[in-house]
Every structure is written in C-alpha cells, then in structure tokens.
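Asks: What follows is a structure written as structure tokens; I'll ask about it next.
Just so it is clear, none of the values below were taken in a lab; they were calculated from the coordinates. Because the structure is a prediction, the values reported are computed rather than measured. When we count neighbours, we look across all protein chains shown, and the Cβ atoms used for this are built from the backbone with ideal geometry, even at glycine.
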C-alpha cells in the first residue's frame, strides 16, 4: 500500500533556467506574463546555480533545461556565457519555438552537445495559435528552423499543444510527427494557467477517445518515443509485477525554476513571475543571496508549499488514480482553483485520468479474439 509522500527531495534531477523573459512569438495559449520584456539572466545567476549543480552532476545524471520566453532570444554570445560556468558532465536541453534556429545555432548546439526540443502543434492548420508579434503565422519560420536541425543531423524532440481534443486529430498528429522526424513526442492538452485564461474543460469521452486513438496510431508505427504512452507502460508494468508502489518517488522532485533574476520557484515553473496576496511571489529564495542547495533544504518553509503538500496527501487518500498521477500539479491547482490544497483539476482529468482511461479503452477494444 502506498505509504505517502515524505516532502520534497533536497537534490533535484534537473533545474529549469530562464535565460530571458522575451519571446519573439505571441502564442494565444502562452502562460508567461513577461514575454514582451527583454530581461536577460545575468551570468552571476548561472554561476550561482552551477555551484550547486556541478556537485550533484558528479554523482548522478543531471540536466539543465533552458526555457524562456524564447531561450534563443538571449543571443548566442549571452547564451554561451550562461553555459560557461557549468561542469562538462551537466546535460543541457533547450525548449525552443525553432523560429530563430539557423546554421549558426545548429553549430552552437553541436559544439556544446545541447539537446533540442521544438514546440510545434502539428500540421500547418493546427498552428493557428502560434503567431508572431504582428499576428502573422509562425509555421513557416518554425519549419525552417526544423529543416536546419535536419540539415545538421541534430536529433530533436517535439512538444505539441492540443487545444481541442477531437476524433481524427490524434491520427493526423502522429502521422505528422512521424514525417517531421522527431525522436520523442510529448502532447500537452492546453492548460488554464498563468495569463492564459481559456477554459481547458472538455467532455470526458472526447478526451478518452483522443488518447485511445493516439495509442492506436502509435502501435501501427512505434518509431517515436511517445511520452504519454511511456508513462502508462511504466505504470502498467509496475502494476503487473507488483511494484506499483515504487513508480512514484517517495519524495517529490523540487524542479527548481531559476528566473532571469535568480529567484527560485519550486515544483511548478509556471508559477514564476506571478504573485498572490497570501503567498507573495511564490519564490523560495534567490541564488544570488542563498545557495540553491540551501533553498532546497528549506523548501517546506515556503507557506504555499505546505498547503500544496496537504493537497497531495488529499489526492493520495481520495483519488483512485493517484498511483499513476501522483497528485495534481501545483500551478494547475492554483490557476484553476486559487489555492494549493484542492485535489482534482481539469489538467489532471485531461492529461492523467482520461489518458489512463483512454489507454485502457484501447486495450479493451483490441483484446485478442478467443479461439
């Protein structure tokens, strides 16, 4: 029997870094509050983070995920300066809209062994929300960036936002990403969070059918590592061999997000840049004044985190899907309900509960016929 969470781990598996708040696109569903402002991360912030990260990377695999804004909007010279303090063993990942990628950026990625993930929502008609500041379609610029990656033989992942799960969509999406050539695909059903206030409530049957159809498409040609399917397969294997209790970590990964100014928000990157009269700015400290390792050791002193852990425990005791989900994410709790100790969110319905149900629907529909 699952014995419950025991707080937050003091050593993360990765950190998220914001090299700039600026983004050159203006996507309709974006949650970031400062994407029109060019606030670059000082090198001193990267140096402070590296002081803790480098020691962690000597004992286990460790990643730094560069996430904006649009990270490449920081410029190559500044980005290179931010990378410089980190030890050679640290893995670097960048989440990018790809519109700025050219041959020079590809050489930059190759020289520094940076792993690239591209945000694109499928075939051209599916990218209507991804527009420039002048409200022009960004699809052509995104594809030019991807073509540059392919010219340089740089493997890349893809991240796709789905606004309206609907019949037929999953098959079209999967076929598109097969042709795109990505090696990993993640699907995010659009979330109500940050400055994006569009609803993310959808009929349960519609979302279940979307996930079931996606699994059907994947099974016909499982050439892509499909993030959501791999979540399920890991969980199913654990259930079958009696180790389901071990799927979820006993301590939550703190997922430190280091904003451009060095402030640290834990558990949900989407909370960075926001504040609330009850909780303040959600930060747990600043690496320019306090070592990241110390901030993590004292994480539970942050008032909203205590409230969040209460909510996780409520999920554990009330929700039959907890073993798969692990509890609704902090940012989704806050932006959907205004507090952290609530349980079910539309995000966990769309991306965990309906996912699990959809995969099980697929399994029932594809049982071998008895002889």
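Asks: Sum -39500 (n - 2.57) across every DSSP H segment of at least 4 residues in the chain, then divide by the residue count to get the 222 nm mean residue ellipticity, nearest 500.
Replies: Helix contribution divided over all residues of the chain: -11000 deg cm²/dmol.
Asks: In nm, what is the difference between 0.36 nm times the number of residues separating residue 339 and residue 251 and their Cα-Cα distance? Before the final figure, lay out each step's value.
Replies: Details: separation 88, 0.36 × 88 = 31.68 nm, distance 2.15 nm.
29.5 nm is the gain from fully extending residue 339 to residue 251.
Asks: Let me ask something else about it. Please compute the contact order of region 99-153 in relative form: average sequence separation of alpha-carbon pairs under 8 Å and at least six residues apart, divided by the residue count, as a percent.
Replies: 52
Asks: Quick one: order 260, 337 by neighbouring beta-carbon count within 10 Å, fewest to most.
Replies: Numbers: 260 24, 337 16.
Final ranking by Cβ density, sparse to dense: 337, 260.
Asks: Hey, how many Å between the Cα centroid of region 137-174 and the Cα centroid of region 301-340?
Replies: 32
Asks: May I pose another question? Over region 14-246, what is the relative contact order in percent, taking alpha-carbon pairs closer than 8 angstrom and at least six residues apart?
Replies: 18
Asks: Most exposed first by the Cβ proxy, i.e. fewest other Cβ within 10 Å, how do 352, 40 rank?
Replies: 40, 352
Asks: Please build a GNM for the chain, connecting alpha carbons under 10 Å apart, and tell me which residue among 221, 200, 188 fluctuates the most.
Replies: Sorting by GNM fluctuation, first place goes to 221.
Asks: What is the antiparallel percent of DSSP beta bridges lying wholly in region 19-137, to the nearest 5?
Replies: For region 19-137, the DSSP antiparallel bridge percentage is about 25.
Asks: Measuring from label point to label point, each 7 Å out along Cα→Cβ, what is the residue 9 to residue 300 span in nm?
Replies: My value for the distance between the label points is 1.7 nm.
Asks: Nearest 5 percent is fine: what portion of the DSSP beta bridges confined to the chain is antiparallel?
Replies: DSSP beta bridges in the chain are roughly 20 percent antiparallel.
Asks: Once R0 is set to 30 Å, what does the formula 1/(1 + (r/R0)^6) return for the Cβ-Cβ distance between residue 240 and residue 179, expressed as a FRET efficiency to the nearest 0.05?
Replies: 0.30
Asks: While we're looking at this one, here's another question. Report the gain in length on full extension from residue 293 to residue 102: 0.36 nm times residue separation, minus Cα-Cα distance, nm rounded to one decimal.
Replies: 65.1 nm
Asks: I need the calculated FRET efficiency for the pair residue 150 and residue 216, taking r as the beta carbon distance and R₀ as 22 Å, to the nearest 0.05.
Replies: The value I calculate is 0.20.
Asks: Something else about it: Could you give the length gained on full extension between residue 113 and residue 37, defined as 0.36 nm per residue of separation minus the Cα-Cα distance, in nm?
Replies: This chain segment gains 24.5 nm when fully extended.
Asks: Which value in nm describes the separation of the simple spin-label points at residue 87 and residue 133, placed 7 Å from the Cα toward the beta carbon?
Replies: 4.0
Asks: Just need the relative contact order of region 50-168 here, percent rounded to a whole number, with Cα pairs under 8 Å and 6+ apart.
Replies: 25
Asks: Next up: With a 10 Å radius around each residue's Cβ, average the other Cβ atoms per peptide and rank 264-274, 87-97, highest first.
Replies: Output ranking for 264-274, 87-97: 264-274, 87-97.
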